[in-house]
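For reference, the structure is listed below as structure tokens.
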Amino acid sequence: MKTINNSLLIAFLFLPLYVISLSAQNNKTTVYHWFDDVVGIENTAIYKGVQYKEVYRTYGDKHKFLFSYDFLNGDIMYEGQVFEDVMMKYDVYEHNVIVKLNGKFGESVFRLIRNHINQFSIRGHIFYNITQDEEFLGFYEILSDQNSNITLLKKYRKKAEKKLNKDNVYYEFTEEPAQYVLHYFGEYYDISNYKDLVQISKKSQPEMSQYVRKNKKLLDIDADSFYIGAMSVLAEQQ
């Protein structure tokens, strides 16, 4: 795992000249590893979390995580500090990010403090943490970023069902319909109902109404594509 923070600006003054002369990418990688070696991952912000222990017994692929039960390689910004190549997984049921870290004393698994997470990416999907709006708190995938005024966000959700197998209690987690949110000129809007989308798009209501009529079947088949297409309609009318 590679980390960097503002203290490295001072550290650069003391690096050998041959390091400074390397390419930008080599510089970045070299400094990340140098920082980990000197400071130790245990002394960075990402170690501010809660020791994690799984409490839900599950079988097969009916677990509470996004993409995979296994830890996946990803990046995260935590307390404003960037951490790359982190082994992590995203709990969609309780909306927690779990990380597996290797330090001086071996392997540790942490649940990161939710409101300390700025954003993270996993399998190429980028998630942003909304912390300022009480109605829309939580992690949302950035599905479409048309411009600084129009951003489409998606919140994944799962539900749990308690099961009994002989003497064992276990749980099955299944997907619930996602929540789609539009960040539009500084405000957040829930557009999970397509009718709300038409009402919000005041400048382009005729065009949006036409788009919705033509693509209602797509909404049932591939909601992501439906809403991404709607963002293009919005952007064209700005």
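The values are calculated or read from the model by the stated rules, or taken from the named source; none is laboratory data. Keep in mind that this is a model prediction, so the values were computed, not measured. All Cβ positions, glycine included, derive from the backbone under ideal geometry; neighbour counts span all protein chains shown. Quick note on the areas: whole protein, heavy atoms, side chains included, nothing else; ligands and nucleic acids left out. Shrake-Rupley method; radii C 1.70, N 1.55, O 1.52, S 1.80 Å.
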(Q) Suppose each label sits 7 Å from its Cα in the direction of the beta carbon; what would the residue 73-residue 113 distance come out to in nanometres? (A) 3.0
Q.
Report, to one decimal in Å, the Kirkwood hydrodynamic radius for the range 159-238 based on all distinct Cα pairs.
A. 14.7
Q | Entries in 163/214; 53/158; 163/195; 162/217; 104/163 that, when Cα-Cα distance is taken, lie over 31 Å | A | 163/214; 163/195; 162/217; 104/163
Q: Can you tell me the FRET efficiency between residue 207 and residue 167 if r is taken as the Cβ-Cβ distance and R0 is 45 Å, rounded to the nearest 0.05?
A: 0.15
Q) When the accessible area of the range 88-228 is split by element with a 1.4 Å probe, what percent falls to carbon and sulfur? A) 44
Q | Student exercise, the range 99-146 dipole from Lys, Arg, Asp, Glu Cβ charges, in Debye to nearest 20 | A | 460
Q) Modelled label-to-label distance, residue 56 and residue 185, 7 Å Cα→beta-carbon offset: nm? A) 4.0
(Q) Which of rounded, prolate or oblate describes the range 70-139 when judged by the alpha-carbon gyration tensor and an a/c cut-off of 1.5? (A) prolate
Q.
Just to confirm the filter: which chymotrypsin sites (Phe, Trp or Tyr not before Pro) across the range 76-181 are DSSP coil and have at most 16 other Cβ within 10 angstrom of their Cβ?
A. 105
Q: Evaluate the distance, in nm, between pseudo-label points positioned 7 Å from the Cα of residue 100 and of residue 199 along their respective Cα→Cβ axes.
A: 4.6
(Q) What do you get for GluC sites (Glu not before Pro) in the range 66-167 restricted to DSSP loop and a cutoff of at most 13 other Cβ within 10 Å of the site's Cβ? (A) 94
